[in-house]
Amino acid sequence: MINRKVARKYNTALYLTAVEINAADAVKKDIEDIRKTITGSKELQNFILTPVVNPEKKAAVMKSIFEGKVNALTLKFLDFLCEKQRINILPDITEDYLDLVNEKEGIVKAFIKTAIEITESEKVSLNAKLKAYTGKEITATYTVDPSIKGGFIARVDDRIIDASIIRQLELLKERFSQGSFNN
């Protein structure tokens, strides 16, 4: 995705500057808040994406929305994006910035499907197992997918861990068909 590559260039500069001036935590919170604001307003999303509004007008609107609510560095960053006519990729930038911070902090996202809703203690246990497997802190998102019949499927970075009943049955079927069920 080209916007993610462009976003990473801007975000790397923002992150390094934030770390340099000891504002990394504040900027991370700002980016989270900006992301929530954008996703919560269809009008703002459309405004950011429209090419007919000039960069100065977009900068003025961003300033009116976020001034006094975000760190000065974050506000300058938004103004810079408007000036460079990159504010239209702000949703990608916010998502990528949070990914970048997670990478720097050794945190990975895990998307986990289970056949049924699992308890909080089961989630904590599964998170601990995934942490041991990856060597990184886990931020997990859980969904229920009854089609997997039991167990779970986890996607962590570019890895899939398929411990579902369906997968176990497929493996068993393969072993039977290959005649390698002995042992």
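Observations, loosely collected:
- Cα gyration tensor, the range 25-64 - rounded (a/c under 1.5), prolate or oblate: oblate
- Coordinate range along principal axes, alpha carbons of the range 1-45, Å, largest first: 35, 26, 11
- Mean Cα-pair separation over length for the range 1-119, i.e. relative contact order, pairs under 8 Å, 6 or more apart, %: 41 percent
- Selected from ILE107, ILE165, ILE31 as most flexible by GNM, with the chain as the system and alpha-carbon contacts under 10 Å: ILE165
- Whichever lysines have a C-alpha closer than 16 Å to that of LYS36, once near sequence neighbours (fewer than 8 apart) are set aside: LYS28, LYS69
- Top of LEU130, LEU78, LEU171 by mean-square fluctuation, Gaussian network on the chain, Cα under 10 Å: LEU171
- Degrees between helix 55-66 axis and first principal axis of the chain (Cα, 0 to 90, nearest 10): 70 degrees
- The Cα trace of the chain gives Rg and Dmax of 21.7, 72 Å, the first to one decimal, the second as a whole number.
- The angle between the Cα long axis of helix 165-178 and the longest principal axis of the Cα atoms of the chain comes to about 50 degrees, rounded to the nearest 10.
- Angle between the chain longest axis and helix 120-134 axis [Cα atoms, degrees, rounded to 10]: 90 degrees
- Violating pairs (Cα-Cα greater than 26 angstrom) within the set LYS57/LYS104; LYS9/LYS113; LYS76/LYS104; LYS9/LYS63: LYS57/LYS104; LYS9/LYS113
- Pairs of Cα atoms nearer than 8 Å and 6+ residues apart set the relative contact order; for the range 124-183 it is 19 percent.
- Backbone N under 12 Å from the ARG4 label point (7 Å along Cα→Cβ), restricted to the range 85-99: 92-93, 95-97, 99
- Among LEU16, LEU90, LEU100, residue whose mean-square fluctuation peaks in a GNM of the chain (springs only between Cα atoms under 10 Å): LEU16
- For the range 147-172 and the range 55-80, distance of Cα centres in Å: 45 Å
- Cα gyration tensor, the range 96-136 - rounded (a/c under 1.5), prolate or oblate: prolate
- Summarised in one figure, the compactness ratio Rg/Rh of the range 13-121, Cα atoms and Kirkwood Rh, is 1.05.
- Accessible carbon and sulfur surface of the chain relative to its total accessible area, %, 1.4 Å: 54 percent
- Beta bridges per DSSP with both ends in the range 32-183, % antiparallel, nearest 5: 60 percent
The values are calculated or read from the model by the stated rules, or taken from the named source; none is laboratory data. Small disclaimer: the values here were computed from a predicted structure and weren't measured. Backbone-built Cβ (ideal geometry, glycine too); neighbour counts: all protein chains shown. Calculation scope for accessible area: heavy atoms of the full protein, side chains included, ligands and nucleic acids excluded. Shrake-Rupley method; radii C 1.70, N 1.55, O 1.52, S 1.80 Å.
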